[in-house]
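The values are calculated or read from the model by the stated rules, or taken from the named source; none is laboratory data. Please read these numbers as outputs of a predicted model, since none were measured by experiment. Counting neighbours? That spans all protein chains shown, and the Cβs are built from the backbone with ideal geometry, glycine included. Side chains included, ligands, DNA and RNA excluded: accessible areas come from the protein's heavy atoms. Shrake-Rupley method; radii C 1.70, N 1.55, O 1.52, S 1.80 Å.
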Amino acid sequence: MNSIRRRTIAFLVLALLCVNAVFGMYIYDHTHEEMEEVFNAQQAQLARTIDSLITNTPIIESDHSIVSKVPFVDESAYSATIGHHYERKIAYQVWDLSGNLLLMSENAPLHPLAATAPGFSQINYNETSWHIFALYSVKTEMWIYTAQREEARDELIELITKDYLIAISTVNILILAIVIFGVIFGTRPITHLSRELTERSGSNLSPLTLDTGQELEPIKNAINQLLERVEHTLTQEKNFNADLAHELRTPLAAIKIHTQNIELKEQLSDETSQSLGKVVKGVEQMSHTIEQLLLLNKLESKKNNMTKEEVGLHDLAKETISLLPSNILAQYDFELKGSNPFIQGNNALLGTMLRNLLENAYKYSPPDSHILVSTGDSEGSAFMIVTDNGPGMTDKQKENAIERHYRVSDTQSYGSGLGLSIVQKIVALHRAELSFQDGDKNSDSNDEGASGLKAHVNFTI
């Protein structure tokens, strides 16, 4: 999930980088163009200065050219009293019309720096590019050439541009830091609102009271209205469940009692006795379904406030088996084996989980069959396995078994299809895993087609 804050900061950083890149290219090109014009103007001015000097001070004719010395100035030991190391990057010449070199700087060549054409040009001399300005003096009838090495221009342009870009970059970094701080500071109400909602438990439906600012106020109000509606709905559901439990349990219990009284006091025919027996069985099944629905609804509200204690799985299984109806204990052979690993969980809910697994096991197993409950631990986990001697389930049935009201067989006449859904809810509350595996056929089974089913619950210790 993308963060609004990160996206805003990333956009600002990218925008500033793009602006700096475009602005930097513009500064470099514009500075290069302006500096070229300044250097050209300096060369032209130097040529006119030399023209003025030789006009007022005639050059003495001799067999040798007049050469002005250009000192070697070490850049690292630069001294203003000696000169500047850039002096050797500037040269000049004065030629007469007869092709005689009259005046030159020490670093200039012995041939003309440019053709006898006035204006600016560029040549390569000693593997170095030079910018040349040629000026013809009408008064003295001489050609004056001034030259400057291109590397001197490039170096100066680079230094000027670099200093300017460094200053701009520093300012932009400071602006970016201020903007990032401003974004973080400005979005703090969003962070506070997000933290408030994240840290809330599912049972806390009280209104939000934190100060969110004007922009987030409508969102806070909408959330508070939603919390109010949720709380109202949950209250209605809770009241409905309480009313349902009261209104249905009492009449069902009365129907069962009156039916049993009729069976005991009246001389009934076999057909009537069977009908009353079906009524009692139907009432019991309806009561069981109501209890399962109420339990399933109660489990939904225990996601965040379930009390836990240390529970021994072997002890729990022993107690749960002993509390099964006496007729069930008489009809099936229950066996308990394994060690007694301890886990952190809710004893009552774990007991309900195992009772539903056992109920599912004996309902699908033929009478007098063997039902095994195994407990133990292995590599940081504890397990509880209920193995029955029933027909087992297909892969599709195993996938759908935990769905509400799902029944393995359409011809099944007992059960509400809620038992394994309740088991899955309790397993999830304990952060455990429920799986179904095919069991080995028991030798004492009366059903030749029975293969058995293993309900495996794995707990993390």
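Quick rundown of the values:
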{"read-out": "GLU217/ALA167 FRET efficiency (R0 30 Å; Cβ-Cβ; nearest 0.05)", "value": "0.10"}
{"read-out": "Spin-label pair TYR136/GLU271, simplified geometry with 7 Å Cα→Cβ offset, distance in nm", "value": "14.4 nm"}
{"read-out": "Derived scalar couplings ³J(HN,Hα) [region 167-183; Karplus, 6.51 cos²θ - 1.76 cosθ + 1.60; whole Hz; x for Gly, Pro]", "value": "5, 5, 4, 4, 4, 5, 4, 5, 4, 5, 4, 5, 5, 4, 4, x, 5"}
{"read-out": "Nitroxide proxy distance, nm - points 7 Å out along Cα→Cβ at TYR26 and GLU228", "value": "5.4 nm"}
{"read-out": "ARG6, ARG48, ARG195, reordered so the largest accessible area comes first (probe 1.4 Å)", "value": "ARG6, ARG48, ARG195"}
{"read-out": "DSSP-loop GluC sites (Glu not before Pro) across region 341-407, with at most 10 other Cβ within 10 angstrom", "value": "GLU379"}
{"read-out": "Region 140-233: GluC sites (Glu not before Pro) in DSSP coil with no more than 15 other Cβ atoms inside 10 Å", "value": "GLU141"}
{"read-out": "ARG149 - accessible surface, heavy atoms, 1.4 Å probe, Å² rounded to 10", "value": "50 Å²"}
{"read-out": "Residues with amide H under 5 Å from that of LEU103, placed H, sequence gap 5 or more", "value": "ILE66, VAL94"}
{"read-out": "Taking region 79-187 and dividing mean pair separation by its residue count, relative contact order in percent (alpha carbons under 8 Å, at least six apart)", "value": "21 percent"}
{"read-out": "With every protein chain in place, region 197-237: carbon and sulfur % of accessible area (1.4 Å)", "value": "54 percent"}
{"read-out": "Unsatisfied cross-links (Cα-Cα over 32 Å) in the set LYS318/LYS425; LYS256/LYS396; LYS363/LYS425", "value": "LYS256/LYS396"}
{"read-out": "Theoretical FRET efficiency, 1/(1+(r/R0)^6), r = Cβ-Cβ of GLU151 and GLN45, R0 22 Å, to 0.05", "value": "0.55"}
